[in-house]
Amino acid sequence: MTAAAPAPRGAEAARRVLERCDELARHSSMPDGIERVYLSPEHARVNDIAAAWMREAGLHSWSDPAGNQCGRRSSDPAGRPALLLGSHLDTVPGAGRYDGILGVLVAIEVADRLRETELPFALEVVAVADEEGTRFGTTLLGSRALAGSWREEWQELTDAHGTTLRRAALDFDLDPDRIASAAREPGSLVGYLEAHIEQGPRLEEADRALGVVTSIAAAERRLLTFRGQARHGATPWHLRRDALQGAAEAVLAMERLARESGSVATIGHVRVEPDAVNVVPGLAEFSLDLRDETAAGRDAAWGRIQHELQAIGLQRGLDLDVVSTHEAPEVVCAPELRDAIAAGIAATGDAEPPALFSIAGHDAMAVAAITEVGMLFVRCAGGISHHRDEAVRADDVALAIDAMEAAVLELAARRADGAGDTRPSSAIGA
Ligand code: HGY
Ligand code: MN
Ligand code: MN
């Protein structure tokens, strides 16, 4: 009777990664789901856990002034520019257990495998503290601090309880006036690679485990407010200026116009005042998350939407207020990093990996301000994300770890001969 063949290396690592995803999922502020927000006790706990895993992988680990948990191979000489691998550990409310988290754990596995491998660059890992923007409404706070794009006015952002980011940072034992010092020196990074679930159905529809990201969609978030007049629920129709009716008409108009424009629009937040069953709403506040493959496409869609919202306001006697809370142009992944990731996927047996643009936003959008970026997509069940039903296959995770390791080695081989460009992808004809 022959002994069972040993599980392939990737399979054992995949099992560990999935168990770790389950462990991190237990650190949530929600009793019946996953929510882990910036500068929360849950954030502190998962940073400590990730730091321990980084140390087990042979990394020196530290928390930077923005609360990102960082790691660097202990064997790498000080000052050597680093290839940075990572993603984020924060979540949306009611999240799945793989969005962001999988990329951090894949990065730790790859660093572990390469702990003794001579590379022409240092190897670092980052567990970004805030990508979703769930707590303070502005996204990519952790990666923007790391990339040198921190804005001091963000200290005054407040959460749903009125706690300022400044206060939350102090409670997290961070100095809010030093968050900007998390910025990495230009030239200290040779590139950034992020593995992430696709959060869409395309890989599954193509029956492929992995894909190369070509670019990340342009996005803008806005807070829109219609103001009419709160009135008694008995008020005759002709005297009403109902803000919620206007918002409802606007929501359907935004869906129609975004569809016609080839963009995607999400209205995920709605709030009315005075929020009483027998009072005509005098105020209706709602969010708009608008995305398109390009900023030009996004802006064209917004122009049509804005025109229609103004018409709705005029027709219904409502004032319209619009505040932009986030804007990011599309980010083009660097050709050299795309090629390295494609080579990494090819090393796992898929000789012609699918290339696709990301409609979801990622930390790579922020890190692109300081270095080249590349992304590896991993198939996820039904394309579901930002939901407890988010799921990945263990064999795909095993392939992702192998592919990311091979991509790092491919990049090392290219850089060893001095090829490659380290300017930020925003400067490389992005
Ligand atoms: O919204 C996004 O695309 C990302 O999950 N923050
Ligand atoms: Mn997300
Ligand atoms: Mn994410």
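Search the structure for amide H atoms under 5 Å from the amide H of Glu327, placed 1.01 Å from N in the peptide plane, and list their residues when 5 or more places away or on another chain.
Those lying under 5 Å, H to H, from Glu327 are Arg221.
Give me the angle, in degrees from 0 to 90, between the Cα long axis of helix 243-261 and the longest principal axis of the Cα atoms of the chain, rounded to the nearest 10.
It works out to around 50 degrees.
What 222 nm value per residue comes from the helices of the chain, counting each DSSP H run with n ≥ 4 as -39,500 (n - 2.57) and dividing by all residues, nearest 500 deg cm²/dmol?
Mean residue ellipticity at 222 nm (helix-derived): -10500 deg cm²/dmol.
Would you look at the GNM of the chain, springs on alpha carbons closer than 10 Å, and say which of Trp150, Trp237, Trp302 moves the most?
Taking springs between Cα atoms under 10 Å, the residue moving most is Trp237.
Once you charge only the Cβ atoms, +1 for Lys and Arg and -1 for Asp and Glu, what is the size of the charge dipole of the chain about its Cα centre, to the nearest 20 debye?
So the dipole magnitude of the chain works out to roughly 560 debye.
Test of understanding: in a Gaussian network model of the chain with alpha carbons linked when under 10 Å, which of Ser61, Ser358, Ser181 would top the mean-square fluctuation ranking?
Ser181
How would you order 391-398, 376-383, 202-209 from highest to lowest mean count of nearby Cβ atoms within 10 Å?
Top to bottom by mean Cβ count within 10 Å: 376-383, 391-398, 202-209.
Against the longest alpha carbon principal axis of the chain, how many degrees, from 0 to 90 and to the nearest 10, is the axis of helix 9-25 turned?
Once rounded, one gets 30 degrees.
Please give me the summed charge of the neighbours of Cys333: other residues whose Cβ is under 12 Å from its Cβ, Lys and Arg +1, Asp and Glu -1.
So the surrounding residues net to -4.
So what's the angle, to the nearest 10 degrees on a 0 to 90 scale, between helix 101-113 and the longest Cα principal axis of the chain?
10
Going by the alpha-carbon gyration tensor, a ≥ b ≥ c the square roots of its eigenvalues, is segment 218-328 rounded (a/c under 1.5) or, if a/c is not under 1.5, prolate (a/b greater than b/c) versus oblate?
Judged from the Cα gyration tensor, segment 218-328 comes out prolate (a/c at least 1.5, a/b above b/c).
Counting pairs of Cα atoms in the chain, how many percent are more than 36 Å apart?
28
Compute the signed sum of charges (Lys and Arg +1, Asp and Glu -1) over the other residues within less than 11 Å, Cβ to Cβ, of Ala394.
For residues surrounding Ala394, the net value is -1.
So for each of 245-256, 184-195, 305-316, 126-137 I average, over its residues, the number of other beta carbons within 10 Å; can you give me the resulting order with the highest mean first?
Going from most to least packed, we get 126-137, 184-195, 245-256, 305-316.
Which whole-angstrom value gives the distance between the alpha carbon centres of segment 319-347 and segment 215-255?
Rounded to whole Å, the Cα centres lie 31 Å apart.
Note down the net charge around Ser324, summing +1 for each Lys or Arg and -1 for each Asp or Glu among other residues with Cβ under 11 Å from its Cβ.
In short, 0.
No value in this document is a laboratory result; all are computed from the given coordinates. Given the structure is predicted, the values throughout are model-derived calculations rather than measurements. We place every Cβ from the backbone using ideal geometry, glycine too, and count neighbours over all the protein chains shown.
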